[in-house]
Each structure stands twice: as structure tokens, then as C-alpha cells.
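The values are calculated or read from the model by the stated rules, or taken from the named source; none is laboratory data. Computed from a predicted model, the values in this text were never measured in an experiment. Cβ: placed from backbone, ideal geometry, glycine included. Neighbour counts: every protein chain shown.
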Amino acid sequence: MWPWGHLAVAYLLYTVVTHRRFGRPPRTWPALAIAVGSQTPDLIDKPLAWNFGILPGGRTLAHSLFVVALLVPAVLLVADRLEGRAIGVAFLIGYCSHLLADVPPQVLLGEFAHAAYLLWPVLEQPPEEPVAGILDAFLHYYTLGAYEWIQFGLFAVAVIVWYRDGMPGLEWVFDSLERLFGIGS
């Protein structure tokens with residue numbers, strides 16, 4: 001799944017949770033944590049595999065359930081100490097939704113080898129085509145098939161829902177840009 005698809009899945013999942021549990025849309029910091037969490041596995045694995053050759057593939061270390069088993073308690077512990085449990089939970093929802101969204105449709109047809117990355121390093125990964133980075137992946141391997149159109153559709157729905165939720169997180173981005181560049185001062 002591409003970054004916009006991961007962001008869409010994570011935000012839609014989190015907004016449903018906050019609306020049902022708290023009767024309100026996501027707040028600023030959890031919304032930002034969702035965005036970061038939804039991208040983190042790829043931000044770790046892809047560069048370490050594609051750019052530095054440290055990992056055997058773009059879905060290994062940070063995509064492994066073994067890492068999640070260590071990450072969940074660590075994030076919750078830090079979040080509790082910083083009195084930001086909602087932020088930690090949002091990050092984890094984003095992170096875990098990324099792993100689930102990466103499970104390809106073939107798994108539904110019983111082809112479980114396509115989800116072997118979830119048990120890396122216990123299960124070996126199928127060989128990957130060499131990739132020189134995300135731009136190379138996008139330019140040489142990206143196709144606009146049904147799966148990609150579904151991701152664009154999910155992203156469009158997520159943007160509409162985010163807008164209806166009051167665009168949580170956007171005010172922080174604008175405030176930060178104002179401080180950084182002295183805009184509006």
C-alpha cells in the first residue's frame with residue numbers, strides 16, 4: 001500500500017474509534033500521531049532495505065509482529081509517563097493499521113506466504129526486485145490498477161471525513177510554519 005492509502009486507513013479507523021468512544025472527532029495531537037504511526041513501518045524498513053542494504057526487504061523489521069510485541073508496551077509506558085496516552089494509542093493504531101493494510105488480497109484466497117513479513121525473521125521473505133528508493137519504486141513499479149484506485153478512493157473519503165472532523169492537526173502545522181518562517185508576525 002502507498003503512503004496515502006496507509007494514512008487513509010489509519011485516519012478512518014481512528015476517527016470511528018474516537019466518535020464511538022468519546023462522541024467527538026480526533027484531537028490535534030492524536031491526529032498527528034495517527035499520521036506519523038501510519039507511515040513509520042515504511043520509514044524504517046524501506047530506507048534500511050532499499051538505500052542501505054541492511055534489511056533483506058522493505059517489509060521486514062518494522063513490519064514484524066515481534067517488533068509490535070515490543071513496541072506496544074514501550075509506547076504505552078512512555079505515553080503514560082508523559083501523560084499522553086491518547087497520543088500513544090493513536091500512534092499504535094496508525095502503526096498496527098499499516099501492518100494490516102499491507103496484507104495483500106491474495107491472503108484472503110489462502111496464499112499466506114504473502115503475509116510472511118508479519119513473522120520476520122522467523123519466516124524468510126520472498127526475494128524483492130532491487131529498488132533504489134521510494135522515488136525509484138514509484139517511477140518504475142507503480143501501476144494504476146484496481147488496488148491503487150481503491151487507495152485513492154479511501155484517501156478521498158478520509159480527506160472528506162477529516163474535513164468534517166474540523167481538520168484536526170492542520171492548525172498545529174500552520175502554527176509551526178508561522179513560527180518557523182515568521183509568517184504572520
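Tabulated data
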quantity	calculated
Tally, over the stretch 7-57, of residues that are under 21 Å from Glu128 (Cα atoms), of a type outside the set (Val, Ile, Thr) and assigned to a helix (DSSP H, G or I)	11
Among (1) more than 26 Å from Ala158 (Cβ to Cβ); (2) crowded, with 17+ Cβ neighbours inside 10 Å; (3) polar (S, T, N, Q) - the single one Ser38 does not satisfy	(1)
Residue list for the stretch 148-185, filter: modelled with pLDDT under 95, closer than 18 Å to Gly5 by Cα and among the β-branched types (Val, Ile, Thr)	Ile150
Scan of the stretch 51-66 for residues that are surrounded by fewer than 20 Cβ atoms within 10 Å (Cβ to Cβ) and either touching a Gly at 6+ places or on another chain (Cβ under 9 Å) or at pLDDT 95 or above (or both), ordered by number	Asn51, Leu61, Leu65, Phe66
